[in-house]
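Just so it is clear, none of the values below were taken in a lab; they were calculated from the coordinates. Note that the structure is predicted; figures quoted are calculated from it, not measured. Every residue, glycine among them, receives a Cβ derived from its backbone with ideal geometry; neighbour counts consider all protein chains shown.
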Amino acid sequence: MKTILLISPYWKEPHRWMVSTVKLAELWRRLGYNVVVACMGTETKTERIAEHLTVYFRKDFFLKDPWNYGIALGFSGFVMRLVKNEKPDLIVINKLLFWTSLAGLRLRLAGRRYLLLTDAFVGMTWWPRGLLPRIGAFLYAWTLGWLILLCAERVVTFHSQPSSLLRRLGIAGKTRVIPTGLDPSFHIPRVHHQDPRVIITYVGRLESVKGVEDFLAALTPLLRDHSDLRIQVAGWFRDPHPLVERYRHHVSFLGLREDVPQILTESDIFVLPSYSEGLSNALMEAMASGCACVASDVGGNRFLVQNGVSGFLFPAGDREALAAHVRRLILDPAKRAAIGAAARKRIEEHFSWEKVGEEYRRLFEGQIDN
């Protein structure tokens, strides 16, 4: 059995939940690989998640919003020890510009090849909120980030990136797109919920880059004209959170939940108002659940949503446009149903784990054989 070492920022922790890490590791394990994960966490430990899936954690220091960045001193040395002990046939780094991706430079100096997967180019196509974080991301991206990309054997992006940028970076010839997918088990039947209200949902952390304040500021005024609304937020937040304090009398804050599939199947409208976004798992799950989705026109959102067909897009930060799309869906149940059905069909046809798994199998076999 071949072994893959997956180097990624996080696994599963309340404010450090890296969905793509979990999904990819499980997918590759099902494809017949032994998967070893190296990541950061709140403590240094080892967890055996399942047969042929082990996660090694290295304790980090976490910079809060708007940075949202973990630093784990000695992480590259930690990775090199894992390489020596586990003897992986293939090394994969998930996400660019996180502290964990710096291990790629140490690997390259040691003569080890690696693949780089990423859903966004931070400091190039993805930006944090705030002037100082943006300046930091830009400088980081065009120095160490660029070097990490150049050192990678192959680069896989979860959605298409500007071809002009890839050429400028000098990686166009070794870059391909393999989207993350959705496990068929997520496609559960829609629930005709007993609540007579129209349920509008946001799923994700309460971070500034996610635009949650826009979601709340744009939609809570609709409660004055539509008493049949329920607005809810599912996702981790650090208590006390100013948005929770401000809107708790009008919005249901559900906290971190394990039953997101159930929440989504009971939701009528899903909103993702991010200022920057990769290929959002939350948006994919909402589309697969048949929600009528409204998302900001950034990053992977425009790759997932066909505007006006399988959802609506609006300019990031434009609260009036966001409210207008949601108001239209509230007033037109038939349109809501049609948009939701088209969204579900799009995920089923283009983002199934079966198709994604075959693409990864061919990629890995080609790399291991070489």
Local electrostatic count at residue 277 - Lys and Arg +1, Asp and Glu -1, tallied over other residues with Cβ under 12 Å: -1
Pairwise label distance in nanometres, residue 361 with residue 64, each label 7 Å out on the Cα-Cβ vector: 4.7 nm
Sequence-distant residues sharing a close amide H with residue 211 (under 5 Å, placed H): 275
The stretch 270-276 - phi-based ³J(HN,Hα) in whole Hz, Karplus 6.51/-1.76/1.60, Gly and Pro as x: 10, 10, 10, x, 4, 7, 9
Dipole magnitude of the chain about its Cα centre (Cβ charges: Lys, Arg +1; Asp, Glu -1), debye to nearest 20: 1000 debye
Spin-label proximity, residue 134 to the stretch 201-229 - amide N less than 13 Å from point 7 Å beyond Cα toward beta carbon: 209
Antiparallel content of DSSP bridges confined to the chain, in %, to 5: 15 percent
Amide proton proximity set for residue 293, modelled H, under 5 Å, gap of 5+: 270, 312
Label point distance in nm, residue 226-residue 320, each placed 7 Å from Cα along Cα→Cβ: 1.9 nm
For peptides 88-97, 119-128, 43-52, 132-141, sequence by mean Cβ density within 10 Å, most packed first: 88-97, 119-128, 132-141, 43-52
Compactness relative to 2.2 N^0.38 Å, alpha carbon Rg of the chain: 0.99
Dipole moment magnitude, nearest 20 debye, the stretch 184-350 about Cα centre, only Lys, Arg, Asp, Glu C-beta charged: 200 debye
Relative packing of 166-178, 259-271, which averages over residues the other C-beta atoms within 10 Å, highest first: 259-271, 166-178
The stretch 184-350 - Debye-derived log10 I(q)/I(0), Cα point model, q = 0.08 Å⁻¹: -0.20
Protection proxy ranking, peptides 276-286, 23-33, 327-337, average beta carbon neighbours within 10 Å, highest first: 276-286, 23-33, 327-337
Rounded to whole Hz, the Karplus (6.51, -1.76, 1.60) HN-Hα couplings of the stretch 105-113, x for glycine and proline: 5, 5, 4, 5, 5, 8, x, 9, 8
Estimated vicinal HN-Hα couplings, Hz - the stretch 166-174 in sequence order (Karplus 6.51, -1.76, 1.60; Gly, Pro = x): 4, 5, 4, 6, x, 10, 4, x, 10
Amide H partners (placed H, <5 Å) of residue 70, local residues excluded: 63, 99
For the stretch 231-300, convex hull of alpha carbons as volume per residue, Å³: 102 Å³
Kirkwood Rh and Cα Rg combined as Rg/Rh, the stretch 285-370: 1.16
